[in-house]
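Presented below is the structure to which this report refers.
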Amino acid sequence: MAGENGELRYEIVAGDSEGQLSIDEDSGVVTVAKSLDRETRSRYDVTILAVDQAVDPACRLSSSVIVSSHISLSIDIFTDYFSGPDRAVGPICVSA
């Protein structure tokens, strides 16, 4: 990355109206902010926006990706699917 123009800021822009997920605006790491209940909701499809920090706000570029998480029956494992405009990349299994 090259200076401020190469820095990215991340935010969840759709799919988490209950605020159950959180994103680190500097790293883009998504974490669980509130307890998840598989019986209430077993799938989360959130849209994450990344915006560069160009000095001139009019020149800033952005991109978004949809992240789908399926909550499994196992308490400590869930699977993420990352999808972009043309393809899906995943699954990735994560253990707590």
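The values are calculated or read from the model by the stated rules, or taken from the named source; none is laboratory data. Note that the coordinates shown come from a computational prediction; the quantities given were computed from them, not determined experimentally. Heads up, the Cβs are rebuilt from the backbone with ideal geometry, glycines too, and the neighbour counts pull from every protein chain shown.
For the reader, a short list of remarks on this structure follows.
- As a summary of the residue check, ILE77 satisfies the conditions (1) at pLDDT 85 or above; (2) hydrophobic (A, V, I, L, M, F, W, C); (3) surrounded by 10 or more Cβ atoms within 10 Å (Cβ to Cβ) except for the one numbered (1).
- Residues in the stretch 1-35 that are part of a loop (DSSP other than H, G, I, E, B), closer than 17 Å to SER69 by Cα and out of contact with any Leu (no Cβ under 9 Å at 6 or more places or on another chain): ASP16, SER17, GLU18, GLY19, VAL29, SER35.
- Leading residue by the ranking (farthest from ASP45 (Cα to Cα)) among those in the stretch 14-24 that are surrounded by fewer than 13 Cβ atoms within 10 Å (Cβ to Cβ) and not hydroxyl-bearing (Ser, Thr, Tyr): ASP24
- Residue within the stretch 36-53 that is modelled with pLDDT of 85 or more, within 19 Å of ALA14 (Cβ to Cβ), outside any loop (DSSP other than H, G, I, E, B) and among the small types (Gly, Ala, Ser) present: yes
- Verdict on PRO91 being in a loop (DSSP other than H, G, I, E, B) and either at pLDDT below 85 or surrounded by fewer than 15 Cβ atoms within 10 Å (Cβ to Cβ) (or both): no
- Selected residue [surrounded by 14 or more Cβ atoms within 10 Å (Cβ to Cβ), within 16 Å of the chain's Cα centre (by Cα) and not charged (D, E, K, R)] from VAL29, VAL46: VAL46
- Test for SER68: is it closer than 18 Å to GLU11 by Cβ and modelled with pLDDT of 85 or more: no
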